[in-house]
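Remarks on the structure that follows.
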Amino acid sequence: MTVETRKPNTMRYLAIALGLTVLQTAVLGWMIESRAGILRSGEEILLKTMPVDPRDLLRGDYVILAYDVSTIPATLITGDRPDGPGWQVMQVRLKPGVDGLWTVAEASFGALAPEEGSVVLQTQRFYYYGAVDAGDSLRVDYGIERFYVPEGEGHEIETGRNAGEVTVVVRVGKAGRGQIRELRMDGTALYQEPLY
């Protein structure tokens, strides 16, 4: 009686490894192309930055940014509001001001229809605590609150940001997702994001 020893199916393992490699490459390519697609063809808006608490100025190699459009007055919220507390997203309609900077025109927990001369930017998920009075406001983020800079070059931007001299050019895709295209100091471009 002979005992057969099984040889591993090398071709099967190579096929699995190749499949996983192709899948990882496809996911990475999709992530890069979705960002590049917005930067390439999204609607362009200009946002003014606000000062940030100095304890959070620079972590590693990025600058923390805050925007005027991140504060949504309750009086600008249209449509139905959630019944109670929970995780929500909002759509925020932005329109250009006379100075070229975009500001909040309206916001909604539901979908906002496209409107000529405006852009709809979608917030990231945030926790909604419930009823908001007319004098209150909501604080939201859009996923554009960090800007990566070369190592050691963030101090000038932080100083300009805190002095109100920094603006950010953002491209907004059709789904309302924003990507920082350019960072400006006193109207002059400091950094521009490459597509890839």
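The values are calculated or read from the model by the stated rules, or taken from the named source; none is laboratory data. This one's a predicted model, so the numbers in the text were calculated from it and none came from an experiment. Here Cβ is always computed from backbone atoms with ideal geometry, including for glycine, and neighbour counts include all displayed protein chains.
If I ask for residues that are at pLDDT below 90 and on the phi > 0 side of the Ramachandran plot, which ones from the range 137-169 would you list?
G152, G164
Sort out which residues of the range 119-144 are buried (at least 18 other Cβ atoms within 10 Å of the Cβ) and either assigned to a loop (DSSP other than H, G, I, E, B) or among the hydrophobic types (A, V, I, L, M, F, W, C) (or both), and write them in order of number. Spell out how you get there, then give the answer.
Start the filter on the range 119-144 by keeping residues that are buried (at least 18 other Cβ atoms within 10 Å of the Cβ), which leaves 119-123, 128, 138, 140, 142, 144.
Within the range 119-144, V119, V120, L121, T123, L138, V140, Y142, I144 qualify.
Checking the conditions here, which among T159, T188, T167 is crowded, with 20+ Cβ neighbours inside 10 Å and either more than 30 Å from D83 (Cβ to Cβ) or small (G, A, S) (or both)?
T167
Somewhere in the range 54-66, is a residue within 30 Å of G110 (Cα to Cα), in a strand (DSSP E or B) and at pLDDT 85 or above?
So far as the range 54-66 goes, yes, one or more of its residues are within 30 Å of G110 (Cα to Cα), in a strand (DSSP E or B) and at pLDDT 85 or above.
For (1) polar (S, T, N, Q); (2) under 19 Å from the mean Cα position of the chain (by Cα), each residue gets a yes or a no:
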site	(1), (2)
V92	no, yes
W102	no, yes
S108	yes, yes
V132	no, no
E145	no, yes
Y148	no, yes
G154	no, no
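Conditions tested, residue by residue: (1) in contact with a strand residue (DSSP E or B) (Cβ under 7 Å, 6 or more places away or on another chain); (2) of a type in the set (S, T, Y).
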{"residue": "G79", "(1), (2)": "yes, no"}
{"residue": "D83", "(1), (2)": "no, no"}
{"residue": "Q88", "(1), (2)": "yes, no"}
{"residue": "L112", "(1), (2)": "yes, no"}
{"residue": "Y129", "(1), (2)": "no, yes"}
{"residue": "A134", "(1), (2)": "no, no"}
{"residue": "S137", "(1), (2)": "yes, yes"}
